[in-house]
Amino acid sequence: MLLERYLKVSENKLPAKFLILKSIDVCNFDNKDIDELWEMHENAMSEFRETTYIKNIKITHPNLLDLKIEIAKRIFENCHFCEHRCYVNRNKELGFCRIGESYYSSEFLHYGEEKVLIPSHTIFFCGCNFKCVFCQNWEISQVYFENLKVENYCKKVRPKLMAKIVEEKRTISKNVNFVGGEPTPHLLKILEILGYVNVNIPVVWNSNMYMSEETMYLLDGVVDLWLSDFKFGNDNCAERLSKIKNYCKVVKRNHLMINDEDIIIRHLVMPNHLECCTERIFKWIGKHLDAKVNVMFQYRPEYKATLYEDIDRTLTYKEMEKAHLLAKKYDLDTDV
Ligand code: SF4
């Protein structure tokens, strides 16, 4: 059943994956090079896959989550968290996303997400690796591209403190929801936060899915529910409206790398993009994935969208109806 495992973790009937990682011990990895770390990771992940359904967790050190944090530190110093693959040392220089240290704009119990998620403890990280001209959240996502002073209105992420907040909110929250902007450039800090969290809580990865393969390997065993954003059905629209290359190849690959049935795919229907985007995406999902699909109609021209004639309006009823019919045509499960 779709979302079955996520729901059990949320109801405290099964442990979150990151807690299982903490129960898998690994050898000391000081002085290991990156290839050796990945080899250790692969071996330990085989053990993880066999123990996904255990109920009682005994935390050990160093463990598989510690190893993932160490690999994330190395990637941060030669950044390829996403497919921009800037290969910069982010302690000293900035890549495409211009994100150095991690900041977040807010964190709160969100009641506006899908019904299986709410109340969702949502943490909004600053910055993004996309430059969507229609971004409805651009004050958070585009801060670095707009040269806004992030430190004036956002807070630096302090993993130990954030973990405490996550634990406190768990008395009410159904999950912790890492979003932005985009969480991918913040993966190191997110893993560090989870390193300090000691309550059982499902992890939601709310993302544009432009991660590198290496990031996908690190997220395997961390994410309990994938909340993905599938925007474009072809690379031309992605390049024109989000300034992203190879969109389809990367986003499809990453969806196919997900090993479980805990996926909700969001698709924001855009005016004049029913054939080139919505239909192609739905057709592909119908053929390749077992996932819930949230067909979203709240598009409105925000940020720079007024400069692009095709998306400079809200949807018509006809377009909304067509999107519903397409979801039916490709037999998608839209009950979210
Ligand atoms: S997260 Fe992506 S865009 Fe940002 S520096 Fe790393 S590879 Fe570049």
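The values are calculated or read from the model by the stated rules, or taken from the named source; none is laboratory data. Everything numeric here is computed off the predicted structure, so don't read it as measured data. Please note: Cβ atoms are built from the backbone with ideal geometry, for glycine as well, and neighbour counts cover all protein chains shown. Only protein heavy atoms, including side chains, enter the accessible area calculation; ligands, DNA and RNA are left aside. Shrake-Rupley method; radii C 1.70, N 1.55, O 1.52, S 1.80 Å.
Per-structure values
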item: Members of region 1-42 that are under 17 Å from E192 (Cα atoms), touching a Pro at 6+ places or on another chain (Cβ under 9 Å) and part of a helix (DSSP H, G or I); result: K17
item: Options L187, L218: the member that is under 20 Å from D260 (Cα atoms), open to solvent by less than 10 Å² (accessible area, probe 1.4 Å) and in a helix (DSSP H, G or I); result: L218
item: Subset of region 190-207 [under 9 Å from the mean Cα position of the chain (by Cα) and open to solvent by less than 10 Å² (accessible area, probe 1.4 Å)]; result: V204, W205, S207
item: Hits in region 1-52 (condition: among the hydroxyl-bearing types (S, T, Y) and in contact with an Asp or Glu (Cβ under 6 Å, 6 or more places away or on another chain)); result: Y6
item: Pairs with Cβ under 7 Å, 6+ apart, first in region 255-272 and buried (at least 20 other Cβ atoms within 10 Å of the Cβ), second part of a loop (DSSP other than H, G, I, E, B) and β-branched (V, I, T); result: I264/V336
item: Residue identified as more than 16 Å from the ligand (Cβ to nearest atom) and open to solvent by 50 Å² or more (accessible area, probe 1.4 Å) among E139, E113; result: E139
item: Any pair with Cβ under 7 angstrom, 6 or more apart, that starts in region 93-104 at a residue that is closer than 14 Å to E182 by Cα and ends at one that is open to solvent by 30 Å² or more (accessible area, probe 1.4 Å) and aliphatic (A, V, I, L, M); result: G100/L94
item: Region 59-77 - residue that is in contact with a strand residue (DSSP E or B) (Cβ under 9 Å, 6 or more places away or on another chain) and at pLDDT below 95 and, of those, farthest from the ligand (Cβ to nearest atom); result: T60
item: Matching residues in region 221-238 - criterion: being surrounded by fewer than 24 Cβ atoms within 10 Å (Cβ to Cβ), of a type in the set (D, E) and in contact with a helix residue (DSSP H, G or I) (Cβ under 8 Å, 6 or more places away or on another chain); result: D235
item: Filter pass, H80 being touching a Ser or Thr at 6+ places or on another chain (Cβ under 8 Å) and more than 10 Å from the ligand (Cβ to nearest atom); result: no
item: Selection count, region 154-183, where residues are open to solvent by 30 Å² or more (accessible area, probe 1.4 Å) and in contact with a Ser or Thr (Cβ under 9 Å, 6 or more places away or on another chain); result: 3
item: Number of the exception - K92 against (1) within 24 Å of F230 (Cα to Cα); (2) open to solvent by 70 Å² or more (accessible area, probe 1.4 Å); result: (1)
item: Sole residue being open to solvent by 20 Å² or more (accessible area, probe 1.4 Å) and farther than 13 Å from Y217 by Cβ, chosen from P15, P62; result: P62
item: C86 vs. criteria within 13 Å of the ligand (Cβ to nearest atom) and either in contact with a strand residue (DSSP E or B) (Cβ under 8 Å, 6 or more places away or on another chain) or under 22 Å from V197 (Cα atoms) (or both); result: no
item: Complete set of residues in region 18-36 that are crowded, with 17+ Cβ neighbours inside 10 Å and of a type outside the set (D, E, K, R); result: F18, L19, I20, L21, S23, I24, V26
item: Search result, residues across region 266-317 that are among the acidic types (D, E), in contact with a Leu (Cβ under 8 Å, 6 or more places away or on another chain) and over 20 Å from K249 (Cβ atoms); result: D290
